[in-house]
1. Could you check the simple spin-label distance between B:ALA154 and A:ILE216, using points 7 Å along Cα→Cβ, in nm with one decimal?
2. Can you list which of the GluC sites (Glu not before Pro) found in the range B:149-209 are DSSP loop residues with at most 15 other C-beta atoms within 10 Å?
3. Given the -39500 (n - 2.57) contribution per DSSP H run of 4+ residues, what per-residue ellipticity at 222 nm results for chain B, rounded to the nearest 500 deg cm²/dmol?
4. Using a probe radius of 1.4 Å on protein heavy atoms only, what is the accessible area buried between chains B and A, both sides summed, to the nearest 100 Å²?
5. Can you give the Kirkwood hydrodynamic radius for the range A:53-93, in Å, rounded to one decimal and based on Cα pairs?
6. Return the residues of the range B:264-278 for which accessible area with all protein chains present is lower than in the chain on its own by 50 Å² or more; set the probe to 1.4 Å and exclude ligands, DNA and RNA.
7. I want to check the label-to-label distance for B:ASP258 and B:ASP187. Put each point 7 Å from Cα in the C-beta direction and report it in nm to one decimal.
8. Calculate, in nm to one decimal, what B:ASN52 and B:ALA131 gain on full extension: separation in residues at 0.36 nm each, minus their alpha carbon distance.
Amino acid sequence: MSSSLLARNAEDVFWLARSIERAENLARILEVNETFARDSRGVRNWLSIVQLNADMESFSAKHATPSADNVIGFYLTDVGNPTSIVAAIANARENARSLRPLLSTEMWVQLNVFHNRLKTIECDDLAPGNLSPLLTEIKEACQTFTGITEGTFYRDQAWYFYRLGQYIERADQTTRLLDTKYHLLAGGRGGAAPAEVGQWHALLRSASGYHAFRRIYSSRLTPALVAEFLLFNPSFPRSLFLCVREVENAFSELKSRYALRQGNGVAEHLDGLRAILGAVSIEEILSGGLHDFLDMLQLRLIAITRGLSEAFFGRRAAPASGQQQSQNWLTNEQLAMPLQRASGDG
Amino acid sequence: MVKLVLQGYDPKGFYCELLNSAADPRLRERLAAMPIGDLARRAGDAEEALYNLGITFTVYSDNDAIDRILPFDAIPRVLCSHEWQHIERGVVQRVTALNLLLDDLYHEQKILRDGVLPAELILGNANYRPAMQGVSVPHKAYINICGTDIVRDADGVFRVLEDNARTPSGVSYVIENRHMMLRAFPDLLEDIPLRGIDDYGLKLVEAMCDIAPVSGGEEQIVLLSPGVYNSAYFEHVFLAREMGVPLVEGRDLIVQDDRVYMRTIAGMRRIDVIYRRINDDFLDPEAFRPDSMLGVPGLMRAYLAGNVGIANAVGTGIADDKAVCAYMPRIIRYYLDEDPLLAGVETQNCRDPESLRYTLAHLDRLVIKPVGEAGGYGITIGPLASRAELDECRAKLVADPANYISQPCVSLSVAPTLIDGAVRPRHVDLRPFAVTGASTWVMPGGLTRVALREGSLIVNSSQGGGSKDTWVLE
C-alpha cells in the first residue's frame, strides 16, 4: 500500500534526474570545448558556454573576461554558481538524501561517493592535460548513475518522474547547445564555411552525436543538416524529437498505469510540441529564424515543467496574467536550482 | 614481530566484557591470534564503507555540512544466552510497568493518591501532557519503542541507568554494525551461532498495526521525520526502508475533519499510524509550540478523536524523567507486584532536602544529572570533575535542586577497543530496544556504545562515543 508517491518525492526525483543529466551535459560541453572547439585561429570560444547557460549576468558579476580558467572554474568548481557541475551534483545529492527510502542503496552510494570526490578537486586538476580526464571522469560518473538507476530503481511512479526529468532536461540541453551556434546558421543553406567545419564537429561531439551523424550523412556536413539531426532524428538519443517522445511515453504510461486524472495541461503542451516537430521542416525553421524557434521550444519545456509542478508536486499555479509574467515565473536559473525552490514555502 | 590483538591488553581492574565473559571462548581465541595490523586495516575499510554508504550524521557549521560516521569499533561485545535472558526479562518488566504507570497517570492517578509517587513530581513536570488526561491508547501501549540504558558494574551486575521513552535512537547502528561485521570479519563470526536482529522492521510494523485505529492489513503507516537536516536523518531513512513505509515530513501531512492525510501525486491519502521521530513539543503547533515548523497543525485533534495512532504516544516523556526513574522499584512493585529483575542505581532526588544535603556533602563522589536532559548533556561526574566544575555544579544544585538527581559513580565495565593502532580498555554501556504493541518484543542485544576517550564514562555519540556490534549467543 505504500506505492503512492509523496508529491515532495515526485518533485525530488524529477530534479534529481535533471541535475544528473545537466551535469553530464555540462561536462561533455566543457570537454569538447577544451579539446576540439578551436576556430580557424586556434582560439577557443569559452563565452559561448556562458551564453548557452544564460549566465551572462551572474558570470560577468564574478569575472572580467571569459577566459578558459574563469569559465572552467565557474562551471566546474564554483559552489556559489548554481549552474555549476558541483552545484548540480550537490543538488542531486540533496534530492537523493530526501529520496533515500526510495532509491536503491547502490544509487545512493555511487552518488554519495561521486559528490565526495568532487569536493576533492584541486587547482592542479584543472590544468591543461588534467582537465580532460577529469571531465571524462565526471561524465562517466553521471552515466554510471544513470546505468545503476536503469538497473536497480524500482519501477513505480517515481521511476516515471525520473524519466520525465531526465528527458526534459536532455531536450532543453540540446536546444541550448544548438542555440549557441545559431548565428552561424543565418541564411546558411550551403555547406559550412571551411573555417566553421571544426565548430560543427564540436557541436556534434558536445551532444555525443558526431559518429551517428557521420553514419547518416557520410558525405555531407552542412549547418542545416546538423540542426536537422539534433532536432528531428528519431533514433539519436539526444535529439529533441526522441526526447519529447520519451517524455510523452513516460507521461502517458504514468497516467494510465496509476489512473491519474491530473496533468491535462501537460498533455496539451506535449501534443502541441509533437505537432510542431511533425509539421515543420528544417528549411522553414531556418528561414523563420532558428533562435526564435529554439526559444519557443524552451518555453514549451518550461511550461511542461510548470504543468507537472502544479498537477503533481503540489505547487501553486502561477498567476495567469500574460506571457511576460509566466516567463518570469520560471527563469532558467530557477529551473536549474532545485535548492532555491526547496527553500521556498510553496 | 607481529603484534596480536589481545597482546598486552590490560583492563586495569575494571570488569572486562571479553575476558570475564563466560561466552563462547572462540571469539577470544580468534582475536588473540589476529595481528593487530590486520584488525586495524579491516576496521579502517569498514569505517570507509560506512562513510560511503552514508551511515552518517551531519554536523553543521558556518555554511558547511560535514558528514560524520558514528565511530565503529570492530571488536564485538558479547552477551551469553543467560545474560541476555536476564536483561530481556528485566526490560520487558520495566516497559510493562512504565506503560501501566502512564495509563494510570493519564487516567485515575491511583499511584499519586496512594502516595507512592509525589504528585508534584508528575503534575508539575514539563513532560506531563494535560491534553492526554483521559485519553486511552490501544493495549495501553504508550511506549511502543523504548531504549533502556544499562551498564555493568565492577561485580559484573547489570544496572539500569535510565529508560528512554520518547524517541530513542540508535537502532539503525545495531543492524548496520552487524552488517559491517559480516562483511569485514566473516572469519570472526564463523560457526558462532548468534541471535538474529534482522526482523526489527517487521516487529515495528506489527506493533504499529496493533495501535492503528483501524485493522485489517490495509493500515497506512508513515515515519515522520524532521527532515534531511536532522542529525538522526539516516536512522529515519533506515527505519522507513526497513518498515517499507513512506518517510514523511510535517509539510507532507495535512489534517482535515480531524483525519490525517499525506499529499501524494494522486491527491490526499489517509494515514492511520505515525511513527514520529519528532518530540511532543514540535508535533502540532496548534497544541504545543506555536513556532514549530516541523509538525502538523491539527494533529492532536485527530489523535484525540481516535483517528490516528501515534508512536510513541504523546506524553511519554514523564516516564523517562530521571527523577521518576528513581522510583522505578516502587513503580514495578505497585503495578506488577514483582521485585525488579534488573537492578537500578541508587538515586537521590535533590528536590528532597535530605537528598540535596547528602548530594552537596558528597559531590566529589557522585554523578549529578539534570532530570529532563538527554544526550549526556549537563552531567557532572564528581570523581573526574575539577574544583571549578564542582563549584559550578554546587551553585546550580542550590539554585534549582528539583532539576537534579545524583547517583553513586558506577565503575562501568570495559571492553577491548582499538585506539590509535593499540587495543585498550574503554567503558561501554548497552541500550536494548523494546518494541511494544499488543505485547513486548526485545531485539536481541542492542546498541553497545563505547566511550573512546581514555577514562571517559560518557558514551553518547554527541560526546565522542562510538559503537560496537553486540552479539547475543544462542
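1. 8.4
2. Values: sites: B:GLU162, B:GLU176, B:GLU190, B:GLU206; in loops: B:GLU190.
For GluC sites (Glu not before Pro) across the range B:149-209 that sit outside H, G, I, E and B with at most 15 neighbouring Cβ atoms in 10 Å, the list reads B:GLU190.
3. So the calculated ellipticity at 222 nm is -9000 deg cm²/dmol.
4. On the way: alone 20060 and 15410 Å², together 32960 Å².
Protein heavy atoms only, the B-A interface buries about 2500 Å².
5. Details: mean 1/r = 0.0974 Å⁻¹.
Kirkwood radius, the range A:53-93: 10.3 Å.
6. SASA drop of 50 Å² or more in the range B:264-278: B:ILE265, B:ARG269.
7. Going by the 7 Å Cα→Cβ label model, 6.5 nm.
8. Numbers: separation 79, 0.36 × 79 = 28.44 nm, distance 4.42 nm.
Extra length available between B:ASN52 and B:ALA131 comes to 24.0 nm.
The values are calculated or read from the model by the stated rules, or taken from the named source; none is laboratory data. Because the structure is predicted, anything quoted here is derived from the model rather than measured. Positions of Cβ are backbone-derived with ideal geometry, glycine not excepted, and every protein chain shown enters the neighbour counts. With ligands, DNA and RNA removed, areas are computed over all heavy atoms of the protein, side chains included. Shrake-Rupley method; radii C 1.70, N 1.55, O 1.52, S 1.80 Å.
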